[in-house]
Amino acid sequence: MVMNTVSTRPTVASTANRSTRETFFRSANARRYTLLVLQIAIVVVLLGGWELGVRSGNINAFLFSSPSQVWEVLVQRFNSGEMLTDIRVTALETLVGFAVGAIGGSILGLLLWYSRFISDLAAPFIAAIGSIPVLAIAPMTIIWFGTEMLSKVVIVAFSCVVVSLTTSYKGAMRTDPDLINLLRSFNAGRGTIFFKLVVPSAMLWVLSGLRLNVGFALVGAIVGEYISSDAGVGHMILLGSSNFGMNIVLAGIVLVMLMMLCFNALVAFLERLILSWDRK
């Protein structure tokens, strides 16, 4: 009789735990789907009201265009191949510049942990560089590096490097000193401490810097294309604004938002990949 009672207890506990987990995931999924439905509903209401306002004459179509006109521009440029070319050019500039500026800046920021003297020496120069707006250096960059992709990559890298450098350095300097002393007590060298402790401890800071720099990178590419380009989403927006074509301008803005969502998803995937690897 006692044996039967003991054997049934794990079954009851496991059933209760499984029920709790199922309730949690069910509620989490319900919340996620509810948010998604509400977000879609907000977009539909805004676009529908905009379209109805234009068709009824309450909104000036010349100044504000309309969702249907923007859609026509997107379809037309897709069929002609211009849209894919613009997206490819801007995406390549953004990704290469992001890799150089954001990832390179993160590595430099982590390496500053090795020398507090060098980090203190470089601090005012980093702050000064970070205070320079991208629009101020974009014309000079075009002059120095030409009108091809290289100049846009430099502008994108400049937009990203300071943020990544500072966030990764702060993360490295916030490494638990007790853990550092513990590794030193086991005769661990600075290289071992850096790779085994400092880099994993600062990884959340590095990833937050990468997330912040996604927007900066895309804005840097668009600014570079404003200054001088013959293709790209920024070039498309510039052409539309110079010809007072609000439908083209808004179509370009839609492409920028879609690209931003894709880049954010890419960084989120990279974050999950790195954190899952770090847990192993």
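The values are calculated or read from the model by the stated rules, or taken from the named source; none is laboratory data. Predicted, not measured: the structure shown is a model, and the values here were computed from it. Here Cβ is always computed from backbone atoms with ideal geometry, including for glycine, and neighbour counts include all displayed protein chains. Surface accessibility is based on the protein's heavy atoms, side chains included, excluding ligands, DNA and RNA. Shrake-Rupley method; radii C 1.70, N 1.55, O 1.52, S 1.80 Å.
Observations on the structure shown:
- Beta carbons closer than 7 Å, at least 6 apart along the sequence or on distinct chains, never pair a first residue in segment 257-276 that is over 27 Å from residue 70 (Cβ atoms) with a second that is open to solvent by less than 60 Å² (accessible area, probe 1.4 Å) and among the aromatic types (Phe, Trp, Tyr).
- Candidate set from segment 40-70 (those that are free of Cβ contacts under 8 Å to residues at least 60 places away in the same chain and under 19 Å from residue 259 (Cα atoms)); member that is least open to solvent (accessible area, probe 1.4 Å): 67
- Lone qualifier among 86, 120 - being acidic (Asp, Glu) and at pLDDT 90 or above: 86
- Residue in segment 224-246 that is out of contact with any helix residue (DSSP H, G or I) (no Cβ under 8 Å at 6 or more places or on another chain) and either within 24 Å of residue 274 (Cβ to Cβ) or assigned to a helix (DSSP H, G or I) (or both) present: yes
- Filter pass, residue 181 being out of contact with any helix residue (DSSP H, G or I) (no Cβ under 6 Å at 6 or more places or on another chain) and on the phi > 0 side of the Ramachandran plot: no
- Among (1) open to solvent by 20 Å² or more (accessible area, probe 1.4 Å); (2) over 20 Å from residue 152 (Cα atoms) - the single one residue 198 does not satisfy: (1)
- The number of residues in segment 178-195 that are part of a helix (DSSP H, G or I) and either open to solvent by 80 Å² or more (accessible area, probe 1.4 Å) or of a type in the set (Gly, Ala, Ser) (or both) comes to 8.
- Filtered residues of segment 30-82 (kept if of a type in the set (Asp, Glu) and within 27 Å of the chain's Cα centre (by Cα)): 82
- Remark: pairs (first residue in segment 138-164, farther than 12 Å from residue 100 by Cα; second residue among the acidic types (Asp, Glu) and assigned to a loop (DSSP other than H, G, I, E, B); Cβ separation under 9 Å; 6+ apart in sequence or on different chains) = 147/230.
- Residue match in segment 184-193 (condition: among the β-branched types (Val, Ile, Thr) and closer than 28 Å to residue 142 by Cα): no
- Restricting segment 209-236 to residues that are surrounded by fewer than 20 Cβ atoms within 10 Å (Cβ to Cβ) and among the small types (Gly, Ala, Ser), the residue that is nearest to residue 88 (Cα to Cα): 231
- Scanning segment 109-137 for residues that are surrounded by 13 or more Cβ atoms within 10 Å (Cβ to Cβ), hydroxyl-bearing (Ser, Thr, Tyr) and more than 22 Å from residue 208 (Cα to Cα) yields nothing.
- Out of 175, 167, sole residue that is in contact with a helix residue (DSSP H, G or I) (Cβ under 6 Å, 6 or more places away or on another chain), outside any helix (DSSP H, G or I) and either of a type outside the set (A, V, I, L, M, F, W, C) or open to solvent by less than 20 Å² (accessible area, probe 1.4 Å) (or both): 175
- In segment 3-25, the condition of being among the aliphatic types (A, V, I, L, M) and at pLDDT 85 or above is met by no residue.
- Screening segment 96-131 for residues that are farther than 20 Å from residue 173 by Cβ and in contact (Cβ under 8 Å) with a residue 24 or more places away in the chain and picking the one that is nearest to the chain's Cα centre (by Cα) gives 98.
- Flag if residue 128 is modelled with pLDDT under 85, over 29 Å from residue 196 (Cα atoms) and in a helix (DSSP H, G or I): no
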